[in-house]
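Down below is the structure, laid out as structure tokens.
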Amino acid sequence: MIIEQFLPAFHYGDATSNSSVAFHEYLVANGIESRIITLTSDKRVVEKVTLFKDYKEKKESIKILHFAIPSLLTDFFRSVKGKKILIYHNVTPSVFFTDYSEFLTRFTNEGRKHLSTLNDSFDISIGVSEFNASDLKDLKFRNVKVFPLIINLKDYDAPYSKGYYNLIKDERRNILCVGRVAPNKKIEDAIKMLFFYKKYLSPSIRLIVAGNIKSVPKYFAAVRDLASRFYLTSDDILFTGHINFEEFLSVYNLADVYLSMSEHEGFCLPVIESFKMDVPVVAYDAGAIRQTVGNGGLIFDSKDPEKVAGTLEYVINNKKTKDKLITAGREKLREYSLASHPSKLLDLLKSV
């Protein structure tokens, strides 16, 4: 058996890239020939992959397309013969980008169009959540299944950067948001909550936004402007930008609670990361959030800043509630670990 995973782009720290590596390593460890093929790759991880321009087709292989963006791989998978599997990681709807990026509006629209042309190309079509699978069913994909994102949880047992930790650590409590600073993440709603929290509940609070700030520059400028109009300073909100993994672990070790205000998530990896790092999860009910969080965290359906701030204050300062959420997160993590074991994905592929 030969299994080949195709990605439009392979990036250091990217959830889809990391998931493909985790499955690849499992396959190799079990004596199965495996490779990862990509159109482009970061220089620091290029040794892990085969560039598509150098790819020699293996007609007998099972070919997996990880789909999240439009690319030349769409045409390849429409025409290539053999056993083919889709793993769908979702495409953020273009409506989130219309006020901030003409390019990303067109790009995400094109992604949806590319996806729709593939609906009769695969033997099995997998969504990494029920939310994603519903997209595939709406587009009339065949044999739709659900299999979660594969995460190598052992990575999170690594030492964190004490230097970065000590640089931030002070008397303030920390509310953590993780992910690229993009319009669907609704960082502006977290800022409105922070203003209320600081003014009416406690000034000793900080919002940490850990993720790439360069993806949508106009949106980042807008949220910074909003923060300044609320008289929130860099002491109140820390935008980390893209940081290395040791620093990323430091941020989780600093967090008192994880907050998601996002309005579109195809899976939401930071929820699983928070469970692993014993950070209680409080999340707005949108996209795949309810499926990923399950009973492992606290889900809310109103973004009223007063209500959200009050909920966070209660979780941070009520030890019994915080401990209960951490315990629930650990249980959900165990459930996820069983559901996402690479052997189950391999069994799916063997059924083709």
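Values in this text are rule-based calculations from the coordinates and carry no lab data. Values in this document were obtained by computation on a predicted structure and should not be read as measured data. Cβ: placed from backbone, ideal geometry, glycine included. Neighbour counts: every protein chain shown.
Rounded to the nearest Å, what's the spacing between the alpha carbon centres of the range 105-172 and the range 197-246? Just the number, please. So the two Cα centres are separated by 24 Å.
The stretch between Val95 and Ser204 holds 35.7 nm of extra length on full extension. This uses 0.36 nm per residue minus the Cα-Cα distance.
Shape class of the range 157-337 from the Cα gyration tensor (axes a ≥ b ≥ c, square roots of the eigenvalues): rounded, since a/c falls below 1.5.
Near Val216, within a Cβ-to-Cβ distance under 15 Å, what is the net charge of the other residues, with Lys and Arg +1 and Asp and Glu -1? Mind showing how you got there, number by number?
On the way: positive: Arg106, Arg180, Lys185, Lys186, Lys214, Lys218, Arg224; negative: Asp99, Glu102, Glu188, Asp225, Glu263.
Net charge around Val216: +2.
For helix 217-229, report the angle its Cα long axis makes with the longest principal axis of the Cα atoms of the chain; keep it between 0 and 90° and round to the nearest 10°. The angle comes out at about 10 degrees. Computed extension gain for Lys145 through Lys303, at 0.36 nm per residue and net of the alpha carbon distance, reaches 53.7 nm. Axis of helix 187-196 versus longest Cα principal axis of the chain: the two differ by about 20°, to the nearest ten degrees. Charged side chains reduced to their Cβ positions (Lys and Arg at +1, Asp and Glu at -1) give the range 157-337 a dipole of some 140 debye around its Cα centre. Pairs spanning more than 25 Å between alpha-carbon atoms, out of Lys84/Lys332; Lys192/Lys322; Lys56/Lys140; Lys81/Lys137; Lys185/Lys320: Lys84/Lys332; Lys56/Lys140; Lys185/Lys320.
Can you flag which of Lys53/Lys113; Lys48/Lys324; Lys113/Lys154; Lys218/Lys344 are past 30 Å Cα-Cα? Mind showing how you got there, number by number?
Numbers: Lys53/Lys113 24 Å; Lys48/Lys324 40 Å; Lys113/Lys154 37 Å; Lys218/Lys344 42 Å.
Where the Cα-Cα span goes over 30 Å, the pairs concerned are Lys48/Lys324; Lys113/Lys154; Lys218/Lys344.
If I stretch the segment between Lys162 and Tyr314 completely, what's the gain in nm (0.36 nm per residue apart, minus their alpha carbon distance), one decimal?
Details: separation 152, 0.36 × 152 = 54.72 nm, distance 2.84 nm.
Length gained, Lys162 through Tyr314: 51.9 nm.
Where only DSSP H runs of four or more residues are counted, the chain gives -12000 deg cm²/dmol as its mean residue ellipticity at 222 nm, each run worth -39500 (n - 2.57).
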